[in-house]
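Submitted below is the structure of interest, expressed as structure tokens.
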Amino acid sequence: MKTSLIQTGTVLALSLIGLLGVGITGVAGAVGEPAEEMILEGKKPARFNHATHTAQGMACGVCHHDQNHAPLTSEAIGAVTDPATLRCVSCHNDQMPKQELRQAKDIFHARCKTCHQDGYQGKKGPTKCTDCHLKSDKKAVEGC
């Protein structure tokens, strides 16, 4: 009988640990940023690496915001069911009510380039066009 209780207790304990592990893994995966460098598609594709920016201490809400431009928390971003809605162009497109907020290039340059020039917590980012934009066959990256 004592052996049976020990076995039952062990099974229950391992089951609980397993369930907690799945819950922790699920939560941790939900709020993490993409591990790979991203390529922001467009006329002049540009590289973006979340890890580089979060290593500077940037919160997700520095870039990601809601419709009222209030910063989103990592928890709110982790709760998003369709990651495509986090892309700037999901809102900043031809349907955007404000004309000046429709073009992705204008948004990225206003947000990214300005931050790189002014700096974040005392550290500036690369500012040459080819530091972010992929090199192409063309001689120069236009509009940078």
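Coordinate-derived values only; no laboratory data. Please read all numbers here as calculations on a predicted model, not as lab measurements. Cβ sites come from the backbone with ideal geometry, for glycine too, and all protein chains shown count toward neighbours.
When the chain is fully extended, how far beyond the present Cα-Cα distance does Ala110 get from Arg47, taking 0.36 nm per residue of separation?
On the way: separation 63, 0.36 × 63 = 22.68 nm, distance 1.62 nm.
Extra length from Ala110 to Arg47 when fully extended: 21.1 nm.
Which pairs in the list Lys44/Lys98; Lys43/Lys113; Lys113/Lys135; Lys43/Lys123; Lys98/Lys123; Lys43/Lys128 are over 21 Å apart, alpha-carbon to alpha-carbon?
Details: Lys44/Lys98 23 Å; Lys43/Lys113 17 Å; Lys113/Lys135 17 Å; Lys43/Lys123 28 Å; Lys98/Lys123 31 Å; Lys43/Lys128 17 Å.
Table pairs above 21 Å Cα-Cα are Lys44/Lys98; Lys43/Lys123; Lys98/Lys123.
Could you work out how far apart the two model spin labels at Ala70 and Cys129 are, taking each label as a point 7 Å from the Cα in the direction of the beta carbon, and quote it in nm?
4.0 nm
Relative contact order, percent, of region 54-98 when contacts are C-alpha pairs under 8 Å separated by at least 6 residues?
Working: 23 pairs, mean separation 10.2, N = 45.
For region 54-98, the relative contact order is 23 percent.
Could you tell me the largest-minus-smallest coordinate of the C-alpha atoms of region 36-132 on each of the three principal axes, in descending order and whole angstroms?
32, 31, 24
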